[in-house]
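Asks: Sharing a structure here in structure tokens format.
Only the coordinates and a few stated rules stand behind these numbers; no lab work does. Quantities reported herein were computed from a predicted structural model and do not represent experimental measurements. Every residue, glycine as well, gets a Cβ built from its backbone with ideal geometry; the counts of neighbours run over all protein chains shown.
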Amino acid sequence: MSMAVNLPLQTERLIIRDIVASDLEAVHSYACESEVVRFMPWRPNSLEDTKNFIDRAIALQKDEPRHHFELAVILKSKQQLIGACGLHLSNADNREGLIGYCYNQNFWGQGYATEAARALLSLGFEQLGLHRIIATCDPANIGSARVMEKAGMRREGHFRENIWIKGKWRDTLLYAILESEQK
Ligand SMILES: CC(C)(COP(=O)(O)OP(=O)(O)OC[C@H]1O[C@@H](n2cnc3c(N)ncnc32)[C@H](O)[C@@H]1OP(=O)(O)O)[C@@H](O)C(=O)NCCC(=O)NCCS
């Protein structure tokens, strides 16, 4: 499954490219917000946490073959980083990937997460030859569930209290799409 991958991805309004060290400030500006990370397993980032995230993302770019694509999402019209999204090979033997995303609150509600999620699915199916791509979210994270649905993913399960996050047991919705369903 080691295929040449063509980055950046381009959509109508977005450029989705590898994270670089100089993204630190733009990523930190939202990763430190408690509202943004409300449903994430992590607490609002310290600057050091964000630097570690960026360093890890950059280190993983060197893997051969790559199993992790943590990517910066740039709004073309402003040449501004508005968030990050990721595609990870969750089960390479079975050609399964996992996607995730997190955006700056100033840019929510304009369809950017959906546009980027569709591009990640194309990366997974068309470039990486994946068979199945999954994503998960807290059922209370209505926006995230909606992004998955709009990207064509189907709800496969609702796991009850399967993760301990920020002092509480949380439920998880599992969404997935198969290569045969990707348009
Ligand atoms: C969840 C998140 C990615 C959505 O990003 P976004 O760019 O606002 O999403 P989109 O604009 O593509 O919206 C997709 C759909 O969800 C809906 N939606 C988005 N946020 C919503 C919310 N808080 N409540 C209800 N619906 C919401 C939109 O209205 C849209 O549906 P529609 O086209 O039928 O109106 C963004 O809010 C975010 O980064 N949250 C913080 C990080 C996070 O929780 N990531 C996911 C972890 S699983």
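Asks: Placing +1 on the Cβ of each Lys and Arg and -1 on the Cβ of each Asp and Glu in the chain, which of ASN162, SER90, VAL5 has its Cα farthest towards the positive end of the resulting dipole?
Replies: In the chain, that residue is ASN162.
Asks: Which ³J(HN,Hα) values in Hz, rounded to whole numbers, follow from the phi angles of the stretch 29-44 under the Karplus curve 6.51 cos²θ - 1.76 cosθ + 1.60, where θ = phi - 60° and Gly and Pro get x?
Replies: 4, 10, 5, 9, 8, 5, 5, 5, 9, 3, 9, 7, x, 9, 8, x
Asks: Measuring from label point to label point, each 7 Å out along Cα→Cβ, what is the HIS67 to GLU33 span in nm?
Replies: Going by the 7 Å Cα→Cβ label model, 3.3 nm.
Asks: Quick one: ASP93, ASP63, ASP55, fewest Cβ neighbours within 10 Å first, how do they rank? Write out the running numbers ahead of the final one.
Replies: On the way: ASP93 7, ASP63 10, ASP55 13.
The fewest-first ordering by Cβ neighbours comes to ASP93, ASP63, ASP55.
Asks: Please report, in debye to the nearest 20, how large the charge dipole of the chain is about its Cα centre when each Lys and Arg carries +1 at its beta carbon and each Asp and Glu carries -1 there.
Replies: Computed about the Cα centre, the dipole is about 380 debye.
Asks: Let me ask another. Cα to Cα, under 15 Å, and not fewer than 8 places away if on the same chain: which aspartates and glutamates meet these conditions relative to LYS150?
Replies: GLU115, GLU181
Asks: OK, next. Assuming a ≥ b ≥ c are the square roots of the Cα gyration tensor eigenvalues, decide whether the stretch 1-74 counts as rounded (a/c under 1.5), prolate (otherwise, with a/b larger than b/c) or oblate.
Replies: prolate
Asks: Taking a point 7 angstrom from the Cα of SER77 along the C-beta vector, which residues in the stretch 1-36 have backbone N less than 14 Å away?
Replies: 12-15
Asks: Where does each of 149-155, 24-30, 114-120 land if you order them by average Cβ count within 10 Å, highest first?
Replies: The peptides rank, most packed first, as 114-120, 24-30, 149-155.
Asks: What ³J(HN,Hα) values, in whole Hz, does the Karplus curve 6.51 cos²θ - 1.76 cosθ + 1.60 give for the stretch 59-71 when θ = phi - 60°, with x put for Gly and Pro?
Replies: 4, 6, 5, 8, 4, 9, x, 6, 10, 9, 10, 9, 10
Asks: Additional query: Work out from phi, with θ = phi - 60° and the Karplus expression 6.51 cos²θ - 1.76 cosθ + 1.60, the ³J(HN,Hα) of each residue of the stretch 142-147, listed in order in whole Hz, and give x for Gly and Pro.
Replies: Karplus-based 3J(HN,Hα) across the stretch 142-147 equals 4, x, 5, 4, 5, 4 Hz.
Asks: Then there's this: Would you work out if the chain is rounded, prolate or oblate? Take a ≥ b ≥ c from the square roots of the eigenvalues of the alpha-carbon gyration tensor; rounded if a/c is under 1.5, else prolate when a/b is larger than b/c, oblate otherwise.
Replies: Cα axes put the chain in the rounded bin.
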